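Just below is one structure, and these are the notes that go with it.
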Amino acid sequence: MKIYIAGKITGDPDYYRKFQDAALKVRMAGHVVITPTCLPDNLGTHDDYMHCCYALIDVSEAVYFLKDWKDSPGATDEFRYAHHTGKHIFFEGEPLPKREGISHVNKIDAVGAF
């Protein structure tokens, strides 16, 4: 499954590590990670970022929300969008389903995907 990770970025100096930790969990469950941390810092306005994030959600099958998602106007918009478009929704702290056909994922392989 292709899973987009959503959470607070603006105002969080440690956002990149937080998203990478979540990406590892998603990869360890055998899924493909899509994350807004791949977007450039100087993309433009908040609306410009949100248009890109909605496009990333469109190509995802599910959205994984980090614990701080409610503290982010962008992530709360992503929640509404994911719900409206019928995406599977998962929350940090809850178990992620393992991808079908995967008995295990080597942690070294998952980390190597970064």
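The values are calculated or read from the model by the stated rules, or taken from the named source; none is laboratory data. If you're wondering where the values come from, they're calculated on a predicted model, not measured in any experiment. Cβ placement follows ideal geometry from the backbone for every residue including glycine, while neighbour counts extend to all protein chains displayed.
Where helices (runs of 4 or more DSSP H) sit wholly within the range 46-114, those with at least 3 residues that are at pLDDT 95 or above occupy 46-58, 73-84.
Any idea which of (1) more than 14 Å from the chain's Cα centre (by Cα); (2) on the phi < 0 side of the Ramachandran plot is the one T76 doesn't satisfy? If we test T76 against (1) more than 14 Å from the chain's Cα centre (by Cα); (2) on the phi < 0 side of the Ramachandran plot, just (1) comes out false.
Filtering the range 1-27 down to residues that are assigned to a loop (DSSP other than H, G, I, E, B) and under 23 Å from Y81 (Cα atoms), which residue is farthest from the chain's Cα centre (by Cα)? The extreme case among them is G11. Taking each residue of the range 5-19 that is in contact (Cβ under 8 Å) with a residue 24 or more places away in the chain and looking for partners that are surrounded by fewer than 19 Cβ atoms within 10 Å (Cβ to Cβ) with beta-carbon atoms closer than 6 Å, six or more apart or interchain, yields G7/D68; K8/D68; K8/D71; I9/Y15; F19/T37. With respect to V59, determine if the residue is touching a residue at least 40 places away in the same chain (Cβ under 8 Å) and crowded, with 20+ Cβ neighbours inside 10 Å. So V59 does not fit the description; no.
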